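The values are calculated or read from the model by the stated rules, or taken from the named source; none is laboratory data. Remember, predicted model here, so these are calculated numbers, not experimental data. All Cβ positions, even for glycine, are placed from backbone atoms using ideal geometry, and neighbour counts span all protein chains on display. With ligands, DNA and RNA removed, areas are computed over all heavy atoms of the protein, side chains included. Shrake-Rupley method; radii C 1.70, N 1.55, O 1.52, S 1.80 Å.
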Amino acid sequence: MSDLKVKDLRKVFGRRAGVVAIDDVSLEVPQAEMLVLVGPSGCGKSTTLRCLAGLENPNAGVIEFGDQTIFDAQRKIAVPIHRRDIGLVFQNYALWPHLSGWNNIAFPLKSRWISRAERRRRVGAIAEVVDLDRALLDKRPGQLSGGQQQRVALARALVAEPKIVMFDEPLSNLDAALREQLRSEIRRLHEEIRFTGVYVTHDLAEAMAVGDRVAAMTDGAIVQLGRPDELFTTPATSRIARMMGYRRVCVITREDGRWSGTDCDFSGPAPDGPATAYELLARHDRITVARAGAADSSDHVHRVRGGVVAGVGYLGSEQELNVDFKGRDVRLVLPLDRTFAPGDRVDLTVRVTDTRTFPLTERIDASTDQETNT
Ligand SMILES: Nc1ncnc2c1ncn2[C@@H]1O[C@H](COP(=O)(O)OP(=O)(O)OP(=O)(O)O)[C@@H](O)[C@H]1O
Ligand SMILES: [Mg+2]
């Protein structure tokens, strides 16, 4: 049985002509699964989570935790947040500033009928799991680093062994190295404690690392829900493909039954849909850049000729290249072993197996090519 079931959830902010934050959101989370909601800013991730937690009242839909209906708009059921048996972890830690780390963690146990000795045992045990020692637990949040505060918040969310643990961007306030460290610790915690989790992030790498399954959201709706590798290898829409790090290589069109690229040599398998124009996207890390004329000429690659390097930037161990094709910008991330300078004339090649085609819609224009993989 699923621990969490959501059906046709809708939330509108404001009365007349309000903002539809989420619409028709449905999902199920089996016991002990970690489901991640990922998508660009404003797509409705936090709103979905806040509806599940009881921090927002949806306008329509049903939410069930196990066999208990905790929200049903039609039947006017809305179980208040403190009776939902959840643990919550927020971006800003949300700890009690006047309580020590220890007492912050013990807080959820105080409202339940749990003996003092048992409280002490549980706080001690969970503090060990999240790697907080006694000296740190005696300090107040203001005396702890961000990473330590988030460990306290994690322990507080888990200590009462709630049915469902919810996270809203828990790592976004931390620096990159700490983010990676805590990300794998959350993964380990989940494997150890096997709680059912819903985790919100705008960061794709985090979503892939933490989630057993990932729900990709855009514009208030879940567009694709699957294992991380499924979203990566078979993105359902071009926006999801872009979120997964694919970039538009060129547009192909059909004329008299023949396919040709508008600015590439198209030689791959033809799309089998009804549209007459498709965009060809490729994993940005699989696109090869070569000086004009030197590009791979085998049958299994797409070639895009006539690019000019517009900009080069450095991203630590990789470089970012902006290549201009007649005013269209393609942003690539490459290893550092090749050097390019602005003004270099280049061709792109990509293996057919690393590309995906999607019907070209008017909404996808050149500007969305610059969408980052968040
Ligand atoms: N309290 C509110 N009042 C009015 N509009 C709101 C409120 N909360 C959210 N919204 C709107 O609902 C939409 C979804 O917001 P939400 O916070 O769920 O996005 P998000 O995916 O969590 O984004 P982010 O990654 O920036 O946190 C946005 O258009 C937002 O402006
Ligand atoms: Mg949010």
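Summary of values
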item: Largest-first ordering by accessible area, 1.4 Å probe, given options HIS302, HIS284, HIS82, HIS202; result: HIS82, HIS202, HIS284, HIS302
item: By accessible area with a 1.4 Å probe, ligands and nucleic acids excluded, highest first: order of ASP329, ASP229, ASP324; result: ASP229, ASP324, ASP329
item: Long-range tail of P(r) for region 82-121 (Cα pairs > 12 Å, %); result: 66 percent
item: Proximal charge balance of ALA127 [Cβ under 13 Å; K/R count +1, D/E count -1]; result: +4
item: Full-stretch length increase - ALA78, VAL12 - with 0.36 nm per residue and alpha-carbon distance subtracted; result: 22.1 nm
item: Loop-located GluC sites (Glu not before Pro) in region 216-284 whose Cβ has at most 11 other Cβ within 10 Å (DSSP); result: none
item: Calculated FRET value between ASP85 and ASP256, using beta carbons and R₀ = 51 Å, to 0.05; result: 0.20
item: Estimated Rh, region 174-268: Kirkwood, alpha-carbon pairs, angstrom; result: 15.9 Å
item: Region 1-151: radius of gyration over Cα atoms, expressed as a fraction of 2.2 N^0.38 Å; result: 1.23
item: Structure-based [θ]222 nm, the chain - -39500 (n - 2.57) summed over DSSP H runs of at least 4, per residue, nearest 500; result: -6500 deg cm²/dmol
item: In nm, spacing of pseudo-spin labels at VAL312 and SER184 (7 Å Cα→C-beta vector); result: 3.2 nm
item: Under 30 Å from the Cα of LYS163 - lysines, other chains or at least 8 residues apart; result: LYS5, LYS7, LYS11, LYS45, LYS76, LYS110, LYS139
item: P(r) tail fraction, region 223-345 - alpha-carbon pairs more than 20 Å apart, %; result: 49 percent
item: Paramagnetic reach from ILE114 (point 7 Å along Cα→Cβ, amide N under 20 Å) across region 142-157; result: 149-157
item: For the chain, cysteines whose Cβ has no other cysteine Cβ within reach (under 4.7 Å); result: CYS43, CYS51
item: Fraction of accessible area attributable to carbon and sulfur, the chain (%, probe 1.4 Å); result: 48 percent
item: Cα coordinate range in the chain, projected on the principal axes (Å, largest first); result: 76, 49, 37
item: Loop trypsin sites (Lys or Arg not before Pro), region 3-54 (other Cβ atoms within 10 Å of the site Cβ: 15 or fewer; DSSP); result: ARG15, ARG16
item: Orientation-averaged projected area, Cα convex hull of region 209-248 (nm²); result: 2.8 nm²
item: Per DSSP, loop chymotrypsin sites (Phe, Trp or Tyr not before Pro) in region 1-96 with at most 13 further Cβ within 10 Å; result: none
